[in-house]
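Remarks on the structure that follows.
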Amino acid sequence: MAVSSIPKRIITFLGERWSAFFLVFMMFVFSLVAPNFFSVKNFSNILYFSTTYLLIAAGETFVIVSGGIDLSVGFVMGFVSVSSSMIMRNLHALGYPQQVCMLTGALAGLLLGLIPGLINGLLVARLRVPPFIATLGMYGVANGIALNLSKGFPITFLPPRVGEIGNSFLAYFFPGRGFSFLQRPHGLSGDDLRLLVGILPSTVIATAVVLVVFAFILSRTGFGRHTFAIGGNMDAAVRAGIDVPGHLIRIYMISSFFASFAGVLYVFRAGIGNFTTMSSSYELFAIAAVVIGGASLFGGKGGIGGTTIGVLILMTLENGLNITGIQAFYRYIATGVILIAAVVIDQLSPEREIRSA
């Protein structure tokens, strides 16, 4: 190896993994300046509140890697949250067992959530509508349907087991008594419950399983290779014999599936169904996390692992600044600076120069 190439390889290595180093650095700084930041309970809270964003951002990763964008994911999540919870509520009111209500509502929500992805894919792949316009249109349609179904109010009176399952943990730790797995220790008073620490929420476990499966699909299968090929050079992908229109339809359906899964998990976590408010900006958060995680908005680059780091950076930043009592507008500024830095790093990376050559 030539000596002159060593600094370039070091710069490339650091540039490709800057987000992971930045996450560790941020956690180190907050552990010094923020009280109670470095604790099992706080880290568990970060993971717990990250699940929705992780799922939406993972679906967005597939779309961005293919060279597209999906602005509808936040409102698809709201549409599924409302529709699945209404089914659970109505079946429960008719006297069906709670397990039947929950399973039927969850499966129906996941299936209904695939419809927006199918329409997005058809518009983009078959009718050549720009992804920004196609998914922006679905953004409004999904939001309108959710608001009409819910009449602008949360869906309540779901089976009681919904919230219990969504807020359960793999293990619990109580000082002086040790660990209890799968269920809370018995005989705890109200004061004792404040000392109880939940470890690995069930929603985090469900999210991790789905992410691992789709990370493998994107990085280790022919489907994933075709996704990167389409994002890198669509014309070359067509000449290579890839069914680009069919593949794009499946990609947008995957994005909708992740949004649907996030909507179902929201129902279990909150114990209610709710539409997505206009100020939530889930899709913008997801796009920011994907880009911070190393994906390129030009397509052909990205991964679920990097996206996960991107989400954790944004959630850790919000959590740490909240604990330190810093005002909200500083959090917005910090997020914007990190996002711009991520794009600049991608623009300056040697790998991008090779791709554009």
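What follows is calculated from the coordinates using simple rules that are stated; it is not laboratory data. In this text, all values refer to a predicted model and were calculated from it rather than measured experimentally. Cβ placement follows ideal geometry from the backbone for every residue including glycine, while neighbour counts extend to all protein chains displayed.
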Per-pair calculated FRET efficiency, R0 = 51 Å: ILE340 and LEU200 via Cβ, rounded to 0.05: 0.90
Dipole magnitude (debye, nearest 20) for the chain, charges at Cβ of Lys, Arg, Asp, Glu: 280
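Let's test the formula: R0 of 30 Å, r as the Cβ-Cβ distance of ASN167 and LEU122. What FRET efficiency results, to the nearest 0.05?
0.20
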For the chain: rounded, prolate or oblate by the Cα gyration tensor [a/c cutoff 1.5]: oblate
Mean separation of Cα contacts under 8 Å, 6 or more apart, over the residue count of the chain: relative contact order %: 33
The chain: calculated mean residue ellipticity at 222 nm from DSSP helix runs of at least 4, using -39500 (n - 2.57): -24000 deg cm²/dmol
Charge dipole of the stretch 37-350 about the Cα centre (unit charges at C-beta), most positive-ward option of VAL73, GLY305, HIS247: HIS247
Gaussian network model of the chain, springs between alpha carbon atoms under 10 Å - residue of ILE64, ILE345, ILE333 with greatest fluctuation: ILE333
